[in-house]
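The structure under discussion appears below in the form of structure tokens.
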């Protein structure tokens, strides 16, 4: 049915196809959307009180992430931010920078120029929107939503030290 030449062309084509199929997912895994969920541990300095004041925020997150092809990986992240007028009730004008390190060693550095947090029934919801400034997903849009419960009691907001820590759930989405 195939001559020697036809068989050679078919075998060469199959070899090239096999090579491209084996290498394509790795390259594409970095180009699609990335969705991560995780657990965050946050500290505030100085602590949150009822009086608005500049607050520094430091947070460590352990993520579980999936990219477009559905590949799951663990990731860790560290975020540093600030609010010029943070309180126990709300944060305004939050800015932050996050570095996500994925299980394969790649990173995404995300800059969040603005964000907002509100508190309802003791739960703070923090929304940040930003841009991936370097690494995996560079140039992409990032959205981060976190729901945290402060450590301590609401009465701690009345003390000079305030609330200094919280824990909660985080969802990070990076879109190309």
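The values are calculated or read from the model by the stated rules, or taken from the named source; none is laboratory data. The model shown is predicted, which means the values in this text are computed figures rather than measured ones. Every residue, glycine among them, receives a Cβ derived from its backbone with ideal geometry; neighbour counts consider all protein chains shown.
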Taking region 108-138 and keeping residues within 18 Å of residue 38 (Cα to Cα) and under 11 Å from the mean Cα position of the chain (by Cα) leaves 108, 109, 110, 128, 129
Considering only residues of region 110-125 that are surrounded by 15 or more Cβ atoms within 10 Å (Cβ to Cβ) and more than 16 Å from residue 95 (Cα to Cα), which is modelled with the highest pLDDT?
124
Does at least one position in region 126-135 carry a residue that is surrounded by 15 or more Cβ atoms within 10 Å (Cβ to Cβ) and part of a loop (DSSP other than H, G, I, E, B)?
no
Hits in region 139-158 - residues which are surrounded by 13 or more Cβ atoms within 10 Å (Cβ to Cβ) and over 13 Å from the mean Cα position of the chain (by Cα):
147, 148, 150, 151, 152, 156, 157
Can you work out which of the residues in region 91-105 that are loosely packed, with under 15 Cβ neighbours inside 10 Å and in contact with a strand residue (DSSP E or B) (Cβ under 9 Å, 6 or more places away or on another chain) is farthest from residue 170 (Cα to Cα)?
104
